[in-house]
Amino acid sequence: DMYHGLASMGSVKCGAGCANLNDNLLVCGGYDRAECLRSVEMYDPARNVWAALASMREARGRFNIAVVADKVYAVGGCNGTTELATVECYDPALGKWTRVTSLSLARSNTGQCSGIV
């Protein structure tokens with residue numbers, strides 16, 4: 001196997017949520033050196049380009065992302081000062097995020113998976 005460089009993201013971040021959406025890499029939220037982020041970027045490996053998508057409704061880092069039925073769910077996390085109980089959903093067909101529910105407890109740094117059982 002060989003490694004090679006990829007196009008650079010629009011902004012440097014850590015603690016972001018990542019997922020595979022239709023064979024593209026989705027990177028949501030996280031932190032830069034100054035603040036918690038709402039921004040969302042998608043990497044297209046076939047073209048080696050990043051594109052900005054609609055920002056999440058809430059800034060969040062250290063959270064989980066799951067793709068279920070071609071929709072992206074951002075679950076919990078932290079906004080830089082407070083852990084979050086909110087869950088929001090990105091619908092690529094509509095190009096927007098909507099709040100869908102809340103967790104029973106606010107939480108961050110958790111594990112999550114998605115799949116069909």
### Query
Which one of the conditions (1) surrounded by 14 or more Cβ atoms within 10 Å (Cβ to Cβ); (2) touching a residue at least 24 places away in the same chain (Cβ under 8 Å) does Asn24 fail to meet, given that it meets all the rest?
(2)
### Boolean, Met42 is part of a loop (DSSP other than H, G, I, E, B) and in contact (Cβ under 8 Å) with a residue 12 or more places away in the chain
no
## Note on the structure
Going through segment 1-21 in order, the residues found to be among the polar types (S, T, N, Q) and either touching a residue at least 60 places away in the same chain (Cβ under 8 Å) or not in a loop (DSSP other than H, G, I, E, B) (or both) are Asn20
### Message
Please go through segment 71-96 and give me each residue that is among the hydroxyl-bearing types (Ser, Thr, Tyr) and under 14 Å from the mean Cα position of the chain (by Cα), ordered by number.
### Response
Tyr73, Thr86, Tyr90
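Tally time: how many residues in segment 39-65 are crowded, with 17+ Cβ neighbours inside 10 Å and either out of contact with any Phe, Trp or Tyr (no Cβ under 6 Å at 6 or more places or on another chain) or closer than 21 Å to Ala106 by Cβ (or both)?
13
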## Note on the structure
Subset of segment 64-77, residues touching a residue at least 24 places away in the same chain (Cβ under 8 Å), farther than 15 Å from Arg99 by Cα and either of a type in the set (Phe, Trp, Tyr) or in a loop (DSSP other than H, G, I, E, B) (or both), comes to Asp70
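Do we find a residue being at pLDDT 95 or above, surrounded by fewer than 17 Cβ atoms within 10 Å (Cβ to Cβ) and either part of a strand (DSSP E or B) or over 13 Å from the mean Cα position of the chain (by Cα) (or both) anywhere in segment 103-111?
No, that holds for no residue.
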### Message
Condition first: in contact with a Cys (Cβ under 9 Å, 6 or more places away or on another chain), within 22 Å of Gly10 (Cα to Cα) and either assigned to a loop (DSSP other than H, G, I, E, B) or basic (Lys, Arg) (or both). Now tell me which residues in segment 78-96 satisfy that.
### Response
Asn79, Gly80
### Message
For segment 83-100, check the following and say yes or no: at least one residue is farther than 17 Å from Gly30 by Cα and at pLDDT below 95.
### Response
no
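The values are calculated or read from the model by the stated rules, or taken from the named source; none is laboratory data. Keep in mind the model is a prediction, meaning the values are calculated, not measured. Cβ: placed from backbone, ideal geometry, glycine included. Neighbour counts: every protein chain shown.
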